[in-house]
């Protein structure tokens, strides 16, 4: 008969091996969310595109999510980054060659795309160009399920742009994304995008307190720095929030920051990018 002492030693050994395996299976992931929208005072696209490219090429990340970019502008990004990143995107209009998009770029040397799609924020989510719930505009989100190369770890990333929508459309759209994310199983979830409101808004409260999928912002709730600056970074604290990255509580946040990039006070966008380093 195995003594109690020997049995305890065996159980502790099994527990230690399991813990080591779980730690080994964890993956560190770096992601940047960048809203490229800008008012005329920031500059036209042709004046900003090389600055934008400088930000995107500064470091090779795992994932980049973008808003405020149309499909024609995306062709420039694609041509310059295609050697490193794979892409998932589609415009929000019925005509796929026109309109704005919410692209997800993933490092194709480290991740492979399992599945990805663009969905309309609408009562008819699969209808291309469908109008948003209570508005006469089309809005979308893009999602991608990614698998680590030479490993088993997967992550699901969402990206949206809710610019100019009504409060009811924002709430219904947020609920749609959260409910749809439940179907993604037990994979870690990261949700990025432009929501255009602060964390006290009804839609954001739904995001943070939903009983199906719990999310947390990458900055503390009471200290989430505004990202909208429109060329006046000294006033950004007085301006407004809007761009967010949300993760599930099981995702460990190792680092999060705004990227305050400019060249001779020329900014690539009216929004600061957000960078996160997490363990999934």
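The values are calculated or read from the model by the stated rules, or taken from the named source; none is laboratory data. Computed from a prediction, not measured in an experiment: that's the story for all the values here. In this analysis, Cβ positions are derived from the backbone assuming ideal geometry, glycine residues included, and neighbour counts consider all displayed protein chains.
Does segment 124-132 include one or more residues that are touching a helix residue (DSSP H, G or I) at 6+ places or on another chain (Cβ under 6 Å) and more than 25 Å from residue 56 (Cα to Cα)? Yes, some residue in segment 124-132 is touching a helix residue (DSSP H, G or I) at 6+ places or on another chain (Cβ under 6 Å) and more than 25 Å from residue 56 (Cα to Cα). Residues in segment 199-232 that are modelled with pLDDT under 90, more than 26 Å from residue 29 (Cα to Cα) and in contact with a helix residue (DSSP H, G or I) (Cβ under 8 Å, 6 or more places away or on another chain): 229 only. Restricting 83, 107 to residues that are over 28 Å from residue 179 (Cβ atoms) and surrounded by fewer than 17 Cβ atoms within 10 Å (Cβ to Cβ) narrows the list to 83.
Being surrounded by 15 or more Cβ atoms within 10 Å (Cβ to Cβ), within 16 Å of the chain's Cα centre (by Cα) and assigned to a helix (DSSP H, G or I) is a condition met by at least one residue of segment 194-207.
Among the candidates 163, 187, 175, the residue that is part of a helix (DSSP H, G or I) and over 14 Å from the mean Cα position of the chain (by Cα) is uniquely 175.
If you go through segment 113-141 and pick out every residue that is part of a strand (DSSP E or B) and over 19 Å from residue 29 (Cα atoms), you end up with 6. For the condition modelled with pLDDT of 95 or more, farther than 28 Å from residue 233 by Cα and surrounded by 22 or more Cβ atoms within 10 Å (Cβ to Cβ), residue 97 does not qualify. For segment 110-124, residues that are surrounded by 15 or more Cβ atoms within 10 Å (Cβ to Cβ) and closer than 17 Å to residue 175 by Cα total 5.
For segment 74-108, a residue qualifies if it is touching a residue at least 12 places away in the same chain (Cβ under 8 Å) and out of contact with any strand residue (DSSP E or B) (no Cβ under 9 Å at 6 or more places or on another chain), and the qualifying residues are 76, 80, 94, 95, 96.
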